[in-house]
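In what follows, a single structure is set out as structure tokens and then discussed.
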Amino acid sequence: MIELKPLFELAAEVAAAQITPDGPYGTRRFIPVKGGSFRGERVSGRLLPGGADCQLIRPDGVAELDVRVTFETDDGVIFLMRGLGLRHGRPEVMQRIAQGEDVPGSEYYFRESMIFEAPSGRYEWLNRLIAIGHGERRARSVHISVFEVV
């Protein structure tokens, strides 16, 4: 049986999207991560600048999310997260998000699967789990509740 166990709450500060419109597969958005924080019972710290969300906005309006970011724990350990997800909603809701409006996450679908790469030691348990999250895109940030799949 599958259960979900809270892992952490993530708040990522993001820069303006770099957009390549109307390519052969859709519109590409490269969204740099400027930093942020994550807080959980077993792991907490800060999100390091330099990662990004590389999105494909498909012709059907669905955003395919492809994320690579690095974290630094409160005790100085750095690890990587790779995430794949989908975000979509009614066209008028997605337009509000694109215009920089803070739209409640309950008005659209935003889900992501995640795996981690941590060094051996205190956080190597992250290497042996899959996590999922549901998120909310705000004007200058992304907020995701992340759960370990047990």
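The values are calculated or read from the model by the stated rules, or taken from the named source; none is laboratory data. It should be emphasised that the depicted structure is a prediction, and the values quoted were computed from it without experimental measurement. Note that we place each Cβ from the backbone using ideal geometry, even for glycine, and neighbour counts take in every protein chain shown. Protein only, heavy atoms only, side chains kept; ligands, DNA and RNA dropped before computing areas. Shrake-Rupley method; radii C 1.70, N 1.55, O 1.52, S 1.80 Å.
In nm, give the distance between the simple-model label positions of ARG122 and GLU41, each being 7 Å from the Cα along the Cα-to-Cβ direction.
Computed distance between label sites ARG122 and GLU41 equals 1.9 nm.
Could you state the accessible area per residue of the chain in Å², with a 1.4 Å probe and every protein chain left in place? Please list the in-between numbers first.
Values: 8360 Å² over 150 residues.
Here the per-residue accessible area is 56 Å².
Probe 1.4 Å, all protein chains in place: accessible area of ASP22 in Å², nearest 10?
130 Å²
Please list the non-local residues whose amide H lies under 5 Å from the amide H of GLY51, H modeled 1.01 Å from N, same-chain partners needing a gap of 5 or more.
Result for GLY51 returns VAL33, THR70.
At what distance in nm do the modelled label points of MET1 and HIS134 sit from each other, each positioned 7 Å from its Cα along Cα→Cβ?
Each label point lies 7 Å from its Cα, and together they span 2.0 nm.
Evaluate 2.2 N^0.38 Å with N set to the residue count of the chain, then give the Cα radius of gyration divided by it.
1.04
Counting each DSSP H run of 4 or more residues in the chain as -39500 (n - 2.57), what helix-only mean residue ellipticity at 222 nm follows after dividing by all residues, to the nearest 500 deg cm²/dmol?
Helix contribution divided over all residues of the chain: -1500 deg cm²/dmol.
So how far apart, in nm, are the two label points at ARG58 and GLN18 if each is 7 Å from Cα heading toward Cβ?
That separation, rounded to one decimal, is 2.6 nm.
Taking 0.36 nm per residue of sequence separation and subtracting the Cα-Cα distance, how much length would be gained by fully extending the chain between GLU9 and VAL93, in nm to one decimal?
Here the segment from GLU9 to VAL93 would lengthen by 27.9 nm.
Would you mind calculating the relative contact order of the chain from Cα pairs under 8 angstrom and at least 6 residues apart, reporting the percent as a whole number?
Details: 386 pairs, mean separation 34.4, N = 150.
With pairs under 8 Å counted, the relative contact order is 23 percent.
Would you give the gap between the C-alpha center of region 93-150 and the C-alpha center of region 10-78, rounded to a whole Å?
Region 93-150 and region 10-78 have Cα centres spaced 9 Å from each other.
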